[in-house]
Structure formats: C-alpha cells, structure tokens
Amino acid sequence: MKVAVFSAKPYDKEFLLKENNIENNIQFSFFEPHLSGDSIKLAEGHEGICVFVNDDLNRQIVEQLSSIGIKIIALRCAGFNNVDIKACNEHGIVVVRVPSYSPNAVAEHTVGLILTLNRKIHRAYNRVKENNFALDGLMGFDIYQKTIGIIGIGKIGKITAKILLGFGAKILYYDLHQDSECDSLGMRYSSLEEIYVQSNIISLHCPLTPSTKHIINEQAIDSMKQGVMLVNTSRGALIDTKAVIKGLKSLKIGYLALDVYEEEADLFFEDLSAKMINDEVFLRLLTFPNVLVTGHQAFFTQEALSQIAKTTIKNLSDFQSNKVLENKV
Ligand code: NAD
C-alpha cells in the first residue's frame, strides 16, 4: 500500500523508515507541506495518507481525498480534533490514530515548564552566559505544599499529578469521572470552580472538544487565585488567548506556560526566524516576562517517536490485512 506522509519532518521520516519492514508492504512518500487544498494533489496515486496535529482535514479536504481514492487516514497523534470524522464516515474513509505513545514524555515536559517558569531557569541561563550572577528577579516559590489543579486526569494528567505529588504538593483534579487510583494516592476529586479558587498552579490535560473549547475564559480566570500559574500542554484552543492576555495584564495570572497555542498551525514546527510573524496575539504573549512558550514539543522524545511510528505502521498494516482496527477513531 502506498501512503503519502504530510507535514513530514526529517525525524518522522527517520522513525517511520526505521520501524517499517518489507513484510508490511507499506511504501511511504514523504511530503513536507501540511495537507491543504494546494498540497492535496501530492496524495494522488496513494491509498492512504498519514498526517499530524496541524493538518486540517475539514469536510472539503475529506471530500477531495475521497475523490482521489484515499481509503485511510493515519494520524501520527492521539487527538483528532482536526479531522471531520462525520465527513470521513460518510465517504467511507477509515481514520486511525495513536492513542498513546508516551504520556510520560508530555507529563515530564509539563513539569519541566512549571519548574523553568517558577525558578526562571531560562532567564538564569542567559544571565550566566553574560557573567551576570545577580539573583534579582529570579525568585521562585516552593512547590511543596502548594495546591495544584489538574483538569483531565487521563494518561498524561495522571502521570503529571503523580510526579507533582512527589514534590509534596496537594493535588485537586477534575474530570468527567472520579478516579479511584488518584483518590487512593491522596488526590482530591473537585469541581472546576474549586480548582479555580484553590489552585496555585492549574494544568490542562483534557482533550479539545466542543465542550472544552475556551474552558479557560474570562469568567474562569476571574475566579482564580491572584498570581496563579496556568499551564497548557494539551491543545491551544482550551484557552481563550485574549482573555489570558487580559489576565496577565491585570496580574491575575502570574505565570503562563504553553506548549500549544490556538493558532499554532501557522507557526509551530517551522523555522520562522528569518520571517515576519503576523499574529499580533501571539507576539503580545511573547512580550510578557512571565510567559514561557515551547512549540508543541512536549511529545518529542525518542521513545514517543518510536512508538508513534510503530503504532502508525501497525494501524496501516492491519487495515491492509483487513484485521480489526484497535485504534480506529
Ligand atoms: P486521555 O484520553 O488519556 O485523557 C483525557 C482525559 O480528559 C480523560 O480522563 C477524559 O475523561 C478527560 N476529559 C474529557 N472531557 C473532559 C472535560 N470536559 N473536562 C475534564 N476532563 C475531560 O488523553 P491523554 O493521553 O492524557 O492526552 C490528553 C491531551 O493531551 C490530548 O487530548 C492531547 O490534546 C494532548 N496531547 C498533547 C501533546 C503535546 O505534545 N503537547 C502530546 C499528546 C497529547
């Protein structure tokens, strides 16, 4: 089976080729552009496509994919908020994903962001490079005994919570369901409102759905503690960025760490250092000294890339052999 890989970076190619073998009978073609109306012609002559988080598979794109004979869409990620699943079902296109690759990778990055932002390690690094050893402006706070609210206690949220429990923090969590393992570890199932009111740090780990879009809005921010630290390594649109900027300006939000951004599709994963960025909201975010942004790299470990490649190849191989697709969306 021929599969066109979109948004293909050198590391995607390296890991997919390393994990593929001749018995799978899968031939990958690698294309750097995102999947779009302009690049869709690259998928011609293939039976499947393989895409990532910022490929927009809206109804129109799905219809075009169907018309050129695409039978399967293999996502190299867990989230599928960028795919019109209803349109895929209507056109008989199968969608498969990688539900879990390394929740540890994302959880560890989340904790890395919290520590960096709190202890200003990124600023200290730059100062020391210039022989500036002054500590003014670098003061942080102990995480020990602080209250941390986790929204979404799935695979990533739970590992993040467990790591933070090791710091001696009090963990409150909100999810659609109470979790007995978390309860037995001393974490407390709480309402969203309680999390907003009580937490010194709030970390988002729920998926992006119509009900979670802009879950962090002006009203939610108003009810948070003064100087709260907000962390988002899940999906950008969980946060209303304009409301967060307002919260940063009023000092209600004391710290903001983002690995994802609502309009990241035009920015992340590319080297734009020699280009003009036109996103005024994003540029405003970067002007705050208490905002730390990484470009959707929380997943980016060797273990995660290897697992993504293995599961993607298994998904495609199972489809080809008419086996039950355990990762079908
Ligand atoms: P998961 O499915 O294991 O957990 C998600 C949890 O969110 C579940 O427990 C679910 O019940 C809960 N949830 C669903 N709707 C909710 C709501 N309205 N309010 C509160 N909780 C709700 O998923 P996961 O593997 O832990 O991944 C979480 C998210 O992390 C993914 O959806 C994805 O968007 C994001 N992610 C980011 C990266 C990255 O590199 N930054 C990598 C992988 C995943």
Query raised in the report: Fully extended, how many nm does the chain gain between N132 and S100 (0.36 nm per residue separation, minus their Cα-Cα distance)?
Result: 7.2 nm
Requested in this report: Return the distance in nm (one decimal) between the two label points of a simple spin-label model at I121 and E303, each offset 7 Å from Cα along Cα→Cβ.
Outcome: 1.7
Query raised in the report: Could you give the length gained on full extension between L283 and D271, defined as 0.36 nm per residue of separation minus the Cα-Cα distance, in nm?
Result: 2.7 nm
Query raised in the report: Got a number for the accessible area of Y144? Probe 1.4 Å, square angstrom, nearest 10.
Result: 130
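What dipole magnitude, in Debye to the nearest 20, does the chain give about its Cα centre under +1 on Lys/Arg Cβ and -1 on Asp/Glu Cβ?
Values: 34 positive and 38 negative charges, 137 e Å.
About 660 debye.
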Requested in this report: Check the straight Cα-Cα distances from K170 and name the lysines below 22 Å, setting aside those fewer than 8 residues away within the same chain.
Outcome: K146, K155, K158, K162, K225, K252
Report summary line: Simple spin-label estimate for D142/M1, 7 Å along Cα→Cβ, in nm, reads 5.6
Report summary line: Applied in sequence order to region 23-34, the curve 6.51 cos²θ - 1.76 cosθ + 1.60 (Karplus, θ = phi - 60°) yields integer Hz couplings, x standing for Gly and Pro, of 5, 5, 6, 10, 10, 8, 10, 9, 10, 6, x, 5
Report summary line: Phi-derived 3J(HN,Hα) across region 58-66 with the Karplus relation (6.51, -1.76, 1.60, θ = phi - 60°), rounded Hz, x for Gly and Pro, is 7, 3, 4, 5, 4, 4, 5, 4, 4
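With n ≥ 4 as the cut-off for DSSP H runs, can you work out [θ] at 222 nm for the chain, using -39500 (n - 2.57) per run divided by the number of residues, rounded to the nearest 500?
-10000 deg cm²/dmol
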Query - Karplus (6.51, -1.76, 1.60) ³J(HN,Hα), θ = phi - 60°, over region 3-19, in Hz, Gly and Pro reported as x - result: 10, 8, 9, 9, 6, 7, 9, x, 6, 5, 4, 4, 6, 5, 5, 5, 7
Query raised in the report: Near N217, within a Cβ-to-Cβ distance under 11 Å, what is the net charge of the other residues, with Lys and Arg +1 and Asp and Glu -1?
Result: 0
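Return the loop-located trypsin sites (Lys or Arg not before Pro) in region 152-182 (DSSP other than H, G, I, E, B) with at most 16 other Cβ atoms within 10 Å of their own Cβ; answer none if there are none. Let's see the in-between values first.
Values: sites: K155, K158, K162, K170; in loops: none.
Loop-located and lightly packed - none at all.
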Report summary line: Taking only protein heavy atoms and a 1.4 Å probe, the highest-to-lowest accessible-area order of D12, D136, D259, D240 is D136, D240, D12, D259
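The values are calculated or read from the model by the stated rules, or taken from the named source; none is laboratory data. What you are looking at is a predicted structure, and each value in this text was computed from that prediction instead of being measured. Glycine also receives a Cβ, built like all others from the backbone with ideal geometry; neighbour counts cover every protein chain displayed. The area values use the complete protein model at the heavy-atom level, side chains included, leaving out ligands, DNA and RNA. Shrake-Rupley method; radii C 1.70, N 1.55, O 1.52, S 1.80 Å.
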